[in-house]
Amino acid sequence: MATVAERPALLSAVTPAASRTEGVLRAYGAAEVLVIPLLAILVAALLFAAFIGALGKSPVQLYQLVYTGAFGTWFSWQNTLLRAAPLLLTALCVALPAQLGMVVIGGEGALVLGGLSAAAVAIPMQGFPPALVIAVMVLAGMAAGAAWIGGAGALRAYRGVNETISSLLLSYIAIAVMNHFVEGVLRDPASLNKPSTAHIGVVNMIGVLPGTRVHWGLLIGIAACLIAWFLVKRTTFGFAGRITGGNIRAARLQGLPVERLIVIFCALGGAMAGFAGMIEVAAVHGRANASLIAGYGYTGILVAFLARQHPLAVIPVSVLLGGIAAAGGLVQRRMGLPDATMLVFQGILFVLILLSETAYGRISFLQPPAERT
Amino acid sequence: MGAVIDIWSVPIAVLGGAIRVSTPFLFVSLGECLTEKSGRINLGLEGTLVVGAITGYAIAYEFNSAWIGVLAAGFAGCLFGALHGYLCSFQRVNDIAIGIALMLLGTGLAFFFGKPYIQPTAPRLPAIPLGFWSDIPHLKAALQINVLFPIGIAAAVLLWWAFRAARVGLIVRMAGDSADAARAMGYDVDRIRLLATVAGGFLAGIAGAYLSLYYPGSWNEGLSSGQGLMAVALVIFARWNPLACFAAALLFGGAGALGPALQSVGVSTGYYLFYAAPYVLTLCIMVLTSSRSHVLAGAPSELSITK
């Protein structure tokens with residue numbers, strides 16, 4: 001799938017000595033990639049309002065509650081940021097392979113396995129210095145995620161297996177593997193109602209940012225997005241990946257190691273999702289159990305598509321969708337709506353953002369003057 | 001005698017399970033096969049399946065008739081297929097991504113409207129007791145065949161015949177093999193694909209109704225777990241041949257029945273891993289049947305997934 005075609009950059013390459021024109025083109029390009037997704041969000045919000053209205057509930061009250069529950073108070077801001085933290089990383093699990101034109105949707109499985117591996121290595125390490133335990137947990141979580149999604153990438157590169165399907169199948173398998181261990185050898189006998197692993201130890205937990213309830217995972221996620229942006233847009237390695245995504249035959253002719261790039265980008269994405277699982281265990285739950293299957297992997301897909309696979313845009317979009325998720329509980333309680341309400345909104349939003357792809361280059365006031373016809 | 005039954009009870013349970021579990025696979029894969037033959041891939045059938053399941057269950061409960069439920073599920077599937085087909089007809093809108101979005105939307109809508117139907121019991125679809133000649137209760141139970149199973153076989157044969165000999169089947173294939181050729185003949189490719197996706201959605205909706213109205217036979221949020229998606233792999237494995245889809249569906253059904261069958265005789269080690277058997281099987285089949293270097297035999301050449 002050819003995603004974000006960087007039209008202004010291509011145009012500017014053929015007009016030397018015209019830096020002013022280049023600036024204008026860039027400005028129009030930037031306006032377009034900003035305005036069209038915002039319009040898509042607006043239309044999705046209107047459609048969802050109509051849906052809620054048709055059910056006899058008040059859309060105005062709904063959006064007021066969403067605002068209050070997501071961004072209205074410092075308390076709700078913290079809820080929002082807590083939910084945004086894993087989304088930053090699971091969105092990268094989609095956005096990094098997407099640079100090579102791949103659609104990976106198995107982040108949920110990589111997250112679950114990352115969390116399980118992190119717990120599995122931490123439990124026998126009780127008594128070691130916490131910094132060492134945390135470092136090993138990070139490595140284990142990232143390695144598990146990287147192996148899982150990197151595996152889907154390798155199947156794509158060397159066997160031509162479609163990565164969308166294989167990554168989702170691997171995700172179901174990952175959840176079965178977690179259940180197997182959590183109900184089996186890793187089960188804490190004291191966990192009766194909800195089978196879990198033993199606790200990783202309070203000293204080995206990642207703390208919170210001073211003065212908040214938000215854990216360090218948020219800053220880790222933001223840092224990961226910045227690094228991913230630098231890697232993709234500012235290094236030769238990232239450039240090689242984007243060439244592969246743009247035209248795989250051209251990349252081969254250039255002598256780029258296409259297969260290796262595919263595997264590495266997928267593994268990096270998987271490592272991010274595995275990291276998210278490790279953080280969920282080490283900062284939130286303290287154990288690996290079914291709470292890891294919270295849909296962060298699937299919402300991450302939506303985040304990445306809304307951000308148009310741009311690692312920096314992932315940051316605000318994660319906060320937005322984290323806020324919508326955080327407000328879900330309030331909306332359900334106050335308006336008596338089912339818990340799937342926000343899932344419906346996410347679905348509508350996803351459809352609209354994909355549909356908005358068709359608007360690029362078609363909205364006349366967003367085109368540079370010379371291109372208008 | 002008891003020992004003999006113990007040895008046989010696992011394969012018999014797998015056989016019975018294969019027939020029971022394969023029916024939704026059969027319907028979804030036929031729907032996916034039809035859609036893909038027209039040159040488009042619908043990953044959203046997973047969502048269509050869940051929507052079909054809740055629509056079928058809710059309507060069957062409200063009207064106290066399982067068959068009205070099945071029809072309603074098919075109709076809901078048509079609507080979802082139409083949405084997919086319509087959205088994909090826009091420029092630069094990617095069919096795979098739209099499928100993922102509809103998976104999410106379908107699941108969301110089904111859970112949203114399904115909440116009040118978790119408790120009540122809807123009428124079930126009837127079954128034909130084909131095991132009447134046998135004295136063995138296991139075999140009798142295994143051969144309780146739902147009426148949708150033979151209907152699915154008939155649909156497979158009908159599709160197979162249509163793709164070979166019927167005018168409408170050939171038009172669908174042409175749209176899938178060369179959109180340019182179809183356009184040159186004066187056909188509207190987007191419209192053919194839209195109709196093929198609608199018909200495919202109908203079949204997937206019926207598969208959903210089977211899940212909620214026969215086996216497992218109730219509505220809950222974990223009802224469908226990837227059957228709609230596995231059907232995509234199944235169609236590739238079956239090389240876009242409806243009859244091979246039937247055989248592949250039986251194989252997948254058998255894999256899905258392995259876990260419960262082993263559990264019924266008291267094997268509990270690796271219980272969860274056996275539940276993953278259909279996914280592992282799907283993955284293995286995809287690895288074995290995909291190829292990097294040459295186009296798969298029978299693949300519609302306009303299909304984005306095989307390019």
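Against the definition (surrounded by fewer than 22 Cβ atoms within 10 Å (Cβ to Cβ), over 22 Å from B:VAL50 (Cβ atoms) and in contact (Cβ under 8 Å) with a residue 12 or more places away in the chain), how does A:GLY286 come out, yes or no? It is true that A:GLY286 is surrounded by fewer than 22 Cβ atoms within 10 Å (Cβ to Cβ), over 22 Å from B:VAL50 (Cβ atoms) and in contact (Cβ under 8 Å) with a residue 12 or more places away in the chain. Pairs meeting the criteria (first residue in the stretch A:30-51 and more than 18 Å from A:ARG362 (Cα to Cα), second residue hydroxyl-bearing (Ser, Thr, Tyr), beta carbons under 8 Å, at least 6 apart or on different chains) are A:ALA45/A:TYR63; A:ALA49/A:TYR63. Annotation for the stretch A:308-316: at least one member residue is free of Cβ contacts under 8 Å to residues at least 12 places away in the same chain and either within 14 Å of chain B (Cβ to nearest Cβ) or surrounded by fewer than 24 Cβ atoms within 10 Å (Cβ to Cβ) (or both). Sort out which residues of the stretch B:137-155 are within 20 Å of the chain's Cα centre (by Cα), of a type in the set (A, V, I, L, M) and assigned to a helix (DSSP H, G or I), and write them in order of number. Of everything in the stretch B:137-155, those that are within 20 Å of the chain's Cα centre (by Cα), of a type in the set (A, V, I, L, M) and assigned to a helix (DSSP H, G or I) turn out to be B:LEU148, B:ILE151, B:ILE153, B:ALA154, B:ALA155. The residue of the stretch A:157-190 that is farthest from B:ALA233 (Cα to Cα), among those that are outside any helix (DSSP H, G or I) and more than 7 Å from chain B (Cβ to nearest Cβ), is A:ALA190. Set side by side, the residues B:ASP95, B:ASP177 differ, and just one is touching a helix residue (DSSP H, G or I) at 6+ places or on another chain (Cβ under 7 Å), in contact (Cβ under 8 Å) with a residue 40 or more places away in the chain, among the charged types (D, E, K, R) and closer than 26 Å to B:ASN241 by Cα, which is B:ASP95. Give the residue that is surrounded by the fewest Cβ atoms within 10 Å (Cβ to Cβ), with candidates limited to residues of the stretch A:230-246 that are more than 22 Å from the chain's Cα centre (by Cα) and aliphatic (A, V, I, L, M). Here the answer is A:ILE243.
Of everything listed in (1) buried (at least 18 other Cβ atoms within 10 Å of the Cβ); (2) more than 13 Å from chain A (Cβ to nearest Cβ), the single unmet condition for B:LEU234 is (2). Say whether the condition of being of a type outside the set (S, T, N, Q), farther than 23 Å from A:GLY109 by Cβ and out of contact with any Ser or Thr (no Cβ under 6 Å at 6 or more places or on another chain) is met by at least one residue in the stretch A:178-185. No, that holds for no residue.
Evaluated against (1) of a type in the set (Gly, Ala, Ser); (2) within 26 Å of B:LEU159 (Cα to Cα); (3) without any contact (Cβ under 8 Å) to a residue 40 or more places away in the chain, B:GLY31 falls short on exactly one condition, (3). Of the residues making up the stretch A:90-125, those that are over 12 Å from A:ILE149 (Cβ atoms) and within 10 Å of the chain's Cα centre (by Cα) are A:ALA91, A:ALA95. Any residue at all in the stretch A:351-368 that's in contact with a Cys (Cβ under 6 Å, 6 or more places away or on another chain), β-branched (Val, Ile, Thr), buried (at least 22 other Cβ atoms within 10 Å of the Cβ) and closer than 23 Å to B:ALA101 by Cα? No, there is no match, as no residue in the stretch A:351-368 is in contact with a Cys (Cβ under 6 Å, 6 or more places away or on another chain), β-branched (Val, Ile, Thr), buried (at least 22 other Cβ atoms within 10 Å of the Cβ) and closer than 23 Å to B:ALA101 by Cα. The set of residues in the stretch A:357-366 being in contact with a helix residue (DSSP H, G or I) (Cβ under 8 Å, 6 or more places away or on another chain) and facing chain B (nearest Cβ under 8 Å) consists of A:TYR360 alone.
Taking residues in the stretch A:330-356 that are facing another protein chain (nearest Cβ under 9 Å), and partners anywhere that are aromatic (Phe, Trp, Tyr) and outside any helix (DSSP H, G or I), the pairs with Cβ atoms closer than 9 Å and at least 6 places apart or on different chains are A:LEU355/B:PHE90.
Taking the conditions (1) part of a helix (DSSP H, G or I); (2) without any contact (Cβ under 8 Å) to a residue 12 or more places away in the chain; (3) under 25 Å from B:THR23 (Cβ atoms) in turn, B:PRO116 satisfies each one other than (3).
Condition check ((1) surrounded by fewer than 19 Cβ atoms within 10 Å (Cβ to Cβ); (2) free of Cβ contacts under 8 Å to residues at least 24 places away in the same chain; (3) more than 15 Å from the chain's Cα centre (by Cα); (4) within 25 Å of B:SER224 (Cβ to Cβ)) across all residues:
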| site | (1), (2), (3), (4) |
| --- | --- |
| B:ARG124 | yes, no, yes, yes |
| B:ASP135 | yes, yes, yes, no |
| B:TRP160 | no, no, yes, no |
| B:ARG191 | yes, yes, yes, no |
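All conditions but one from (1) away from every other protein chain (no Cβ under 14 Å); (2) surrounded by fewer than 24 Cβ atoms within 10 Å (Cβ to Cβ) apply to B:ASN94; the one that does not is (1). Filtered by the rule that a residue be assigned to a helix (DSSP H, G or I) and away from chain B (no Cβ under 11 Å), the stretch A:293-305 gives A:TYR296, A:GLY297, A:GLY300, A:VAL303.
Let's see how each residue does on (1) crowded, with 18+ Cβ neighbours inside 10 Å; (2) within 14 Å of another protein chain (Cβ to nearest Cβ); (3) at pLDDT below 95; (4) at negative phi:
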position: A:PRO129; (1), (2), (3), (4): no, no, no, yes
position: A:ILE134; (1), (2), (3), (4): yes, no, no, yes
position: A:MET137; (1), (2), (3), (4): yes, no, no, yes
position: A:GLY153; (1), (2), (3), (4): yes, yes, no, yes
position: A:ASN193; (1), (2), (3), (4): no, no, yes, yes
position: A:GLY207; (1), (2), (3), (4): no, no, yes, yes
position: A:TRP216; (1), (2), (3), (4): no, no, no, yes
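Listed by position, the helices (runs of 4 or more DSSP H) inside the stretch B:1-99 whose residues that are over 23 Å from B:GLY176 (Cβ atoms) and among the charged types (D, E, K, R) number at least 1 are B:2-37, B:45-63.
The number of residues in the stretch B:111-128 that are more than 7 Å from chain A (Cβ to nearest Cβ), at pLDDT 90 or above and over 15 Å from B:ALA60 (Cβ atoms) comes to 0. With respect to B:GLY253, is the statement that it is more than 9 Å from chain A (Cβ to nearest Cβ), at pLDDT below 80 and crowded, with 16+ Cβ neighbours inside 10 Å true? Answer is no for this residue.
Annotation for the stretch A:247-254: no member residue is within 21 Å of the chain's Cα centre (by Cα), more than 14 Å from chain B (Cβ to nearest Cβ) and small (Gly, Ala, Ser). Scanning the stretch A:51-109 for residues that are surrounded by fewer than 22 Cβ atoms within 10 Å (Cβ to Cβ) and among the hydroxyl-bearing types (Ser, Thr, Tyr), we see that the one that is farthest from A:GLY300 (Cα to Cα) is A:SER58.
The values are calculated or read from the model by the stated rules, or taken from the named source; none is laboratory data. Every value quoted in this text rests on a predicted model; they were computed, and no experiment measured them. Cβ sites come from the backbone with ideal geometry, for glycine too, and all protein chains shown count toward neighbours.
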